[in-house]
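**Q** One structure, as structure tokens, below. Some questions next.
The values are calculated or read from the model by the stated rules, or taken from the named source; none is laboratory data. Nothing here was measured: the structure is a model prediction, and the numbers come from that model. Cβ sites come from the backbone with ideal geometry, for glycine too, and all protein chains shown count toward neighbours.
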Amino acid sequence: MREIQLKDIVYSRSGDKGDISNIVVIAKEKRYYPLLQKYLTAEKVREFFGEMVKGSVERYEVATLDAMNFVLRNSLGGGATRSLRMDFTGKTMCQALLRLTLEVEENDLELVHN
């Protein structure tokens, strides 16, 4: 196994609606998308944010763009008008997610480097 940081293989954007945050990750290169499909699960994202996310995390694949959209429910402390959090609109959640480290099998990395 080898560790790679998400920031090295994706671009990201995030947004919000009420108490729901969404984070989009887009593979920097087409060859990275299979790694995302295998290793960047909704459970991994949920675990990364821990207690910040009180609800579910869903992953939606957008294969034509080599991207994924993660929807994090009950993740903004009630939303913009009710939250006491510093980032009550979720605009920086994508930047936080870029710090996530994935443990990737060596043979999967070899496929990416070829």
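**Q** Restricting attention to segment 1-35, report how many residues are out of contact with any Asp or Glu (no Cβ under 8 Å at 6 or more places or on another chain) and assigned to a helix (DSSP H, G or I).
**A** Of the residues in segment 1-35, 4 are out of contact with any Asp or Glu (no Cβ under 8 Å at 6 or more places or on another chain) and assigned to a helix (DSSP H, G or I).
**Q** Further, regarding this structure: Give V10, V24, V57 a once-over and let me know the one that is in contact with a helix residue (DSSP H, G or I) (Cβ under 6 Å, 6 or more places away or on another chain), surrounded by 16 or more Cβ atoms within 10 Å (Cβ to Cβ) and modelled with pLDDT of 95 or more.
**A** The match here is V57.
**Q** Still on this structure, I have one more. Could you grab me the full set of residues in segment 35-51 that are buried (at least 16 other Cβ atoms within 10 Å of the Cβ) and out of contact with any strand residue (DSSP E or B) (no Cβ under 8 Å at 6 or more places or on another chain)?
**A** Residue satisfying the conditions is F48 alone.
**Q** Quick check on D19: is it under 15 Å from T92 (Cα atoms), of a type in the set (D, E, K, R) and either touching a residue at least 40 places away in the same chain (Cβ under 8 Å) or touching a His at 6+ places or on another chain (Cβ under 9 Å) (or both)?
**A** yes
**Q** When you go through (1) among the hydrophobic types (A, V, I, L, M, F, W, C); (2) modelled with pLDDT of 95 or more; (3) closer than 19 Å to I20 by Cβ; (4) within 13 Å of the chain's Cα centre (by Cα) one by one for A96, which number turns out not to apply?
**A** (2)
**Q** If you don't mind, there's one more thing I want to ask. Quick one: would you say G50 is of a type in the set (G, A, S), outside any strand (DSSP E or B), over 12 Å from the mean Cα position of the chain (by Cα) and at pLDDT 85 or above?
**A** For G50, the condition - of a type in the set (G, A, S), outside any strand (DSSP E or B), over 12 Å from the mean Cα position of the chain (by Cα) and at pLDDT 85 or above - is met.
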